[in-house]
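The values are calculated or read from the model by the stated rules, or taken from the named source; none is laboratory data. Since the structure is predicted, the reported quantities are computational estimates derived from the model, not experimental observations. Neighbour counts run over all protein chains shown; Cβ positions are idealised from the backbone, glycine included. Surface accessibility is based on the protein's heavy atoms, side chains included, excluding ligands, DNA and RNA. Shrake-Rupley method; radii C 1.70, N 1.55, O 1.52, S 1.80 Å.
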Amino acid sequence: MEPESKMKSESYGKNRMQIPELPSAEPMSASAKPKEDSQGTFGAFREVCESIAIAFILAFLFRTFIGEAFVIPTGSMAPTLMGRHRDLCCPECGFNFQVGTSNEVDASGTVNQGVSLPSAICPNCRYTMDLSMEESRKANPSYGGDRILVSKFAYWFYGPQRWDVSVFFFPGKARENYIKRMVGLPNETVKISQGDIFTKAKGATNYVIQRKSPEKVLATMRSVFDNDCQSKKLRASGVPSSWAERAQIASGLTSEPNSSWEVSEDGRTFRAVASKAGVSEGTAASPWLTYQHFSLSYDQWESILRDGQATVPAQLVTDFLSYNLISPSRESYQFRSASPTSTVSESGASGDASTGEAWSGTPLKQAFAESLSPKTLQGAQLQQMEPHWVGDLILESELEITPTESGLNPEGEVIFSLIKGGCTFSATLNLGSGIVTLGTGGDAVSEAEALPEEAFRPKFAPKAQTPIIYPGKYRIRFANVDDRMTFWVNDQVQEFSEPPEYLRPSERWRPTQADLTPVRIGFRRNGSATSGEVAISGLKLYRDLYYIATRTNMSNPELGNELLYRSGSEDAAISRLLSTPSRWDIFQKTPEVEIELGEDQFLFFGDNSACSLDGRQWVNSASGNPLSWGWNEPQYWVDRSLLKGKAVFLFWPHSWHYISSSEGEPVIPLWPNIERMKRIR
């Protein structure tokens, strides 16, 4: 395997590309025959030289006109494409995730002495892993970035498309390769609002939301919670289960569940059973299987490990990404020693970083406190949690249908509901016909918060015929992303009788109390039918990409960002804000960014919006000047002439060190990571 080439200076979020040398190869037709050696040794030597020259010419032509291989060094496209990173497995819940380690090496690829990742936060159960010890670093080594193939002739046959992952020459230093996702096209104005992309053509007055295709939605979704990965300590501590049957206020839809849920011992499978006593059809305590989002802090985990219990309130789903917790240099940044009575305030961590007093224990508590704080201690490079509310969710589950005595599906409907801004977006699956019907409705918490059904398109009820007409096990996905609902069965998108897009009730969403239970599943039996069973398992919740509306460098919190929560109040601690509905008016006041594009100008953003230096920050809007790179003119777009090609395939994610035998001994070195090899979408 080729060594990675040297690079120029690099800062986190600049996804510059390394260009490895392509190996030469000597093509030979299957029908070709060797020539006779008519000129002896000289003829053979000349033939070898000609073959080598032709091989180099072909390799040069391939690289110049057809395709080129690149290495991803940083994490601005993570986790779609990852730079240098570590693969981790949470010791508490068993969830696999990655964290970026680009700052462990300098621009030349040399390891920075004294710089390493001290901790990592599991995105599933929020347990903080201690990586500060030498044993942890050896057990969880850093790997180089993904290797991808870029098609140079893709744009010869068709124009660049929105949401393409493209490689281009960086406008400021046109010999450096960048890779980002294309979000803006020529002659339009792009607006970022509440994480979504809106555009309007030149001369138009109204913005239109830009929707990703179902394939792009699956490629860019981010994990929120995997119910198959549960911590035994959390289950034993009394912390509420994320998935449980909870009494809900009626949604106002035509169908309400009348069956309760029986949970398996491990909390991973739920079976619909006859309604419990006192619960009847049409009551306000309809038995929904409901998801609540619990984001444990370090202190809460510490309480569970020490006392076996903790109080954890439900919170809104946010754009947290565990990949972004970056460590500081141990030489340049030291923490003050902590005493047993020290506390962590809402505005920042305890202690004074400016004293230079060394941290006496592990850096976990301080690192995690910093990640929760909307402020950053002087000199710190820790990435804070991204606490922007995300209402666009994707639910995945396994639906198992046990036949009735007659061998048919049980009579009834399975209802999948996603909540955004207090509004219900549902997919009702009729098990008798296999037809799924989409619907919308207000999820009233109080008369003042209720959103009338008239706010949506009248009689909005798209239908699709699914293959779920026989008993069996089916993989279901239901998404509410970019003001559109999508339904998958066994990875196949279902086609509806009318477009599944809807009209949002207002220009800006505001979460309500109902958004603390953003996902619900119900089962309604028809008539008096009791035979046959429905079981739900494999529950996984994902969120959509969230583009942060900013025109400054996100890697420097002092420059500011979309977080208006830091408006000077001590009550603005992120964890408290996300669990207190009375403070949620602020989500309707988050900034918006508008960027105008001209002829042959394209706009690119990174998928890892919180740590991507892209078209939002190439110009410092505060001063109107470029970000100190010596440009003569500020520029936030990419000219057509700078487009290099479309990223098409991830052909070499990092290899495992070896594949082991049953006894754990290494057998095959550099075993390829086949599971992550994929087409880039």
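Test of understanding: what is the full-extension gain from Q513 to C89, defined as 0.36 nm times their sequence separation minus their Cα-Cα distance?
149.3 nm is the gain from fully extending Q513 to C89.
Kindly report, to the nearest 10 Å², the accessible surface of W389 as traced by a 1.4 Å probe over protein heavy atoms only.
Its heavy atoms expose roughly 20 Å² to the probe.
To the nearest 0.05, how large is the calculated FRET efficiency for T404 and F153 if R₀ is 60 Å and r is the Cβ-Cβ distance?
The pair T404/F153 has a calculated efficiency of 0.60.
Given the peptides 124-137, 537-550, arrange them by the average over their residues of other C-beta atoms within 10 Å, most packed first.
Highest to lowest by the protection proxy: 537-550, 124-137.
Roughly speaking, what is the stretch gain from D106 to V208, that is 0.36 nm per residue apart minus the C-alpha to C-alpha distance, in nm to one decimal?
Taking D106 through V208 to full extension adds about 32.5 nm, to one decimal.
Taking a ≥ b ≥ c as the square roots of the eigenvalues of the Cα gyration tensor of the stretch 125-263, is the shape rounded (a/c under 1.5), prolate (a/b larger than b/c) or oblate?
oblate
Calculated FRET efficiency, D299 and K678, Cβ-Cβ r, R0 30 Å, to nearest 0.05?
Efficiency, rounded to the nearest 0.05: 0.15.
Obtain the nm distance between the two label points defined at S264 and E596 by a simple spin-label model: each point lies 7 Å from its Cα along the Cα-to-C-beta direction.
5.9 nm
Distance cut-off 26 Å, Cα to Cα: go down the list K180/K678; K420/K463; K233/K420; K420/K473; K152/K678; K191/K589 and report the pairs above it.
K233/K420; K420/K473
May I ask you to order 584-591, 407-414, 156-163 by the average number of other C-beta atoms within 10 Å around their residues, highest value first?
Top of the packing list down: 407-414, 584-591, 156-163.
What ranking do 641-653, 68-80, 597-609 get when scored by the average of other Cβ atoms within 10 Å per residue, highest first?
68-80, 597-609, 641-653
Report, to the nearest whole %, how much of the accessible area of the stretch 149-222 belongs to carbon and sulfur atoms, 1.4 Å probe, protein only.
Using a 1.4 Å probe with all protein chains present, the stretch 149-222 comes out at 55 percent carbon and sulfur.
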